[in-house]
Amino acid sequence: ATLGMRVQAGWATLVQGVVHLGLAVLLGRALGLAGVALAGAASAFLVAYPGGVWMLERTTGLTHAELWREALGPWAVRGVLLLLLGVVVGAGLYPVSPWLPLPLAPVLGVLYLWAMRPLFAAIPLPERIRPLLARIRLVPG
């Protein structure tokens, strides 16, 4: 899973945990519970992403630019509008009641699956899963 870089992945995980804890304390004091949640995303952005890209390049030769062009870019282009929609809906409804955005999460999840379906065809899926996804038209049959 870590392409022969278990020790480096372990250290990266440990560092990410320390960064997450520190950010959770700082952001939690400043922003409350939302700051603690933000700490998870921030620690991933600051540690896991650069570390993962470095490990991937060392083991496969895939550069950061190639990673975005071939793998992450197509997903990002399709997902950014849905991400923004989720942020707007969540931020708009949460102050009214934290329970209001909850029923919209499955709807947003279905929209995400539908928008990403052309990209699913290239993913190596287990043989048991592919027919199920083909029946609901998420992958070609």
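The values are calculated or read from the model by the stated rules, or taken from the named source; none is laboratory data. Just so you know, these numbers come straight off a predicted model, no measurement behind them. Please note: Cβ atoms are built from the backbone with ideal geometry, for glycine as well, and neighbour counts cover all protein chains shown. Heads up: the accessible areas ignore ligands, DNA and RNA and are worked out on the full protein's heavy atoms, side chains in. Shrake-Rupley method; radii C 1.70, N 1.55, O 1.52, S 1.80 Å.
Computed quantities for the displayed model
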read-out: Of residues in the stretch 117-141 being part of a helix (DSSP H, G or I) and over 21 Å from Trp75 (Cα atoms), the one most open to solvent (accessible area, probe 1.4 Å); value: Arg135
read-out: Hits in the stretch 1-35 - residues which are open to solvent by less than 60 Å² (accessible area, probe 1.4 Å), over 17 Å from Thr59 (Cβ atoms) and in a helix (DSSP H, G or I); value: Gln16, Gly17, Val19, Gly22, Leu23, Ala24, Leu27, Gly28, Gly35
read-out: Test: Tyr49 is in a helix (DSSP H, G or I), in contact with a helix residue (DSSP H, G or I) (Cβ under 6 Å, 6 or more places away or on another chain) and open to solvent by 60 Å² or more (accessible area, probe 1.4 Å); value: no
read-out: Selection from the stretch 119-141 of residues that are modelled with pLDDT under 85 and out of contact with any helix residue (DSSP H, G or I) (no Cβ under 8 Å at 6 or more places or on another chain); value: Ala121, Ala122, Ile123, Pro124
read-out: Residues of the stretch 52-85 that turn out to be assigned to a helix (DSSP H, G or I) and either of a type in the set (A, V, I, L, M, F, W, C) or within 14 Å of Ala115 (Cα to Cα) (or both), as a count; value: 21
read-out: Extreme residue, nearest to Leu38 (Cα to Cα), among residues of the stretch 64-106 that are open to solvent by 50 Å² or more (accessible area, probe 1.4 Å) and β-branched (Val, Ile, Thr); value: Val87
read-out: Residue within the stretch 49-57 that is charged (D, E, K, R) and over 27 Å from Leu111 (Cβ atoms) present; value: yes
read-out: Filter result (β-branched (Val, Ile, Thr) and at pLDDT below 95) within the stretch 6-23; value: Val7, Thr13
